[in-house]
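In what follows, a single structure is set out as structure tokens and then discussed.
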Amino acid sequence: MDMATHGGIRRIDPRRPLTVNADGLKRIVLGQVGGGNIDFLSLDHKPAHLPVKPVRLAADAIITHCLLAVAHSDRDSLDEHARQAVAAAALLADGATEVVLLVFGELADDAAALGADRCIVLPQYGSHLFAPEAEMAILIALLEELRPAHVFMPDNDIADSDLGRRLGAATSAASIATNVVEINQAGLAVYRQQGSLVARRDLAKIILLEADAVDARLPFLGRGQAAGQLSAALNAAGSAAGVVSAYVDLGIKTMAASQMELDEADFIVSAGNGVGDVALFHSLAHALDAAVGASRVAVDDGKFKRDKQIGATGKTVSASAYLAFGISGAVQHLQGIKDCRHVIAINLDASAPMIKRADLSIIGDAQELMSALLEQVREAQQARQAEHTA
Ligand SMILES: Cc1cc2nc3c(=O)[nH]c(=O)nc-3n(C[C@H](O)[C@H](O)[C@H](O)COP(=O)(O)OP(=O)(O)OC[C@H]3O[C@@H](n4cnc5c(N)ncnc54)[C@H](O)[C@@H]3O)c2cc1C
């Protein structure tokens, strides 16, 4: 492994932006098409006049090589980190190379937009099931079938990093690079010793990418074809391995949201200075079975305990749904919710930064809305209970 040195050891600023490497090894940077800059916008806000992205592979392309991206889906979707791993494969692929995406779990995303040319979806696997041997058998069968030049996976806290390392151990002939922070056709770079060293090497066979090593906003589309037949063959490989599994999957245990750590909660209701009726707020959180968060002002006022504070000097959360009642959306608070998937803001002020951040905004009084919502939730719960007892 090539280690950049300066007086024996290269020391780098751990806070430097990841886009630039001191020795000129560039991390993939997108946004350049035909020499011009594209101002990438989210699809939801894309004006109609923007051109449709081109498909990366020509229609008559003769495919001679393959790159494989592998990821587990989360609630039928790939998270940003997994999307970046697929994007890395798409960016490195040339005009004769197909990008194949293998997804463990359901996938409702547009595979073409992810950059995949062929997509194999295995809905019976995924986060609801612990089946490492079956997944490994599937992956090895796929490697034999496709013989990809490289395998790209997100180096995350969930199943992908584990599966990638298992694959590296099982296929000892294959090289593996973990914690990859920079990558291009010429090679890749990883941090060592808490980011104080940067080490470089050629592209490995198995590449586990850190978050934000690659920009997932691609300037092109993949072909996005489904590979149904291949899925059936791989499922057979997985079932055979599952029969002799050394593990017993005890399933998923549910627990009350109030008992969960905020940074693990999937559904959070959060109160700011605009919440006057704290008891009503807690009743709503309880009825919705949501975890409780708060802004710093609400915590400083003594309305909530310090461990409920969300933001730069509080917790960073990554909920699927974040309901912000009477929170202005100061930059320090927004920092703590940057990874939340759906943000709903309730505020009197339509120009509050939280309204701009939110996917859905309700301009109105927090107390009135909490009362109305609580009433509706209770009605729905009673109706469901009546249905069960009938
Ligand atoms: C170094 C530093 C670190 C910080 N760290 C954090 C942090 O970790 N987390 C954090 O949250 N803040 C943090 N802050 C504070 C931050 O800058 C803001 O002051 C704070 O987030 C504001 O909280 P708020 O939005 O609840 O209150 P306000 O700024 O008072 O905003 C209240 C909002 O509620 C709305 N509102 C008022 N009444 C109603 C009503 N009846 N119905 C609906 N809406 C209503 C208002 O329109 C307004 O938008 C930090 C600040 C500094 C300097």
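Could you tell me whether the range 134-151 includes any residue that is within 19 Å of Tyr191 (Cα to Cα) and within 19 Å of the chain's Cα centre (by Cα)? The answer is no, given that none of the residues of the range 134-151 is within 19 Å of Tyr191 (Cα to Cα) and within 19 Å of the chain's Cα centre (by Cα). Beta carbons closer than 7 Å, at least 6 apart along the sequence or on distinct chains, never pair a first residue in the range 218-235 that is over 15 Å from Ala116 (Cα atoms) with a second that is assigned to a loop (DSSP other than H, G, I, E, B). Answer yes or no: is there a residue in the range 320-336 that is over 15 Å from Ala271 (Cα atoms), touching a residue at least 40 places away in the same chain (Cβ under 8 Å) and either under 22 Å from the mean Cα position of the chain (by Cα) or near the ligand (Cβ under 9 Å from one of its atoms) (or both). Yes, the range 320-336 contains a residue that is over 15 Å from Ala271 (Cα atoms), touching a residue at least 40 places away in the same chain (Cβ under 8 Å) and either under 22 Å from the mean Cα position of the chain (by Cα) or near the ligand (Cβ under 9 Å from one of its atoms) (or both). The single condition among (1) modelled with pLDDT under 95; (2) within 23 Å of Pro353 (Cα to Cα) that Ile252 does not meet is (2).
Pairs meeting the criteria (first residue in the range 287-315 and free of Cβ contacts under 8 Å to residues at least 24 places away in the same chain and in the same structural domain as Phe325 (by TED's automatic domain parsing), second residue more than 10 Å from the ligand (Cβ to nearest atom) and assigned to a helix (DSSP H, G or I), beta carbons under 6 Å, at least 6 apart or on different chains) are Val299/Arg306.
Checked against (1) more than 7 Å from the ligand (Cβ to nearest atom); (2) more than 22 Å from the chain's Cα centre (by Cα), Arg296 meets all criteria but (1). Taking the listed residues Ala177, Ala204, the one that is at negative phi, part of a loop (DSSP other than H, G, I, E, B), without any contact (Cβ under 8 Å) to a residue 60 or more places away in the chain and in the same structural domain as Val52 (by TED's automatic domain parsing) is Ala204, with no other qualifying.
Taking the numbered list (1) modelled with pLDDT under 95; (2) more than 19 Å from Asp74 (Cβ to Cβ) in turn, Lys205 passes all entries but (1).
You will find that of Ala358, Ala330, Ala324, the residue that is surrounded by 17 or more Cβ atoms within 10 Å (Cβ to Cβ), touching a helix residue (DSSP H, G or I) at 6+ places or on another chain (Cβ under 6 Å) and in the same structural domain as Ala271 (by TED's automatic domain parsing) is Ala324 and no other. When residues in the range 97-131 are screened for being of a type in the set (Ser, Thr, Tyr) and crowded, with 20+ Cβ neighbours inside 10 Å, 2 of them pass. Screening the candidates Leu167, Leu129, Leu163 for the property of being assigned to a loop (DSSP other than H, G, I, E, B) and within 22 Å of Ala233 (Cβ to Cβ) yields one hit, Leu129. When the range 260-284 is filtered for residues that are assigned to a helix (DSSP H, G or I) and either at pLDDT 95 or above or outside the structural domain of Gln335 (by TED's automatic domain parsing) (or both), the ones remaining, listed by number, are Val278, Ala279, Leu280, Phe281, His282, Ser283, Leu284.
Just so you know, in the range 337-362 the residues that are within 14 Å of Ala319 (Cα to Cα) and in a loop (DSSP other than H, G, I, E, B) include one that is nearest to the ligand (Cβ to nearest atom), and it is Ile337.
The values are calculated or read from the model by the stated rules, or taken from the named source; none is laboratory data. Quantities reported herein were computed from a predicted structural model and do not represent experimental measurements. FYI the Cβ positions are ideal-geometry reconstructions off the backbone, even for glycines, and counts take in every protein chain you see.
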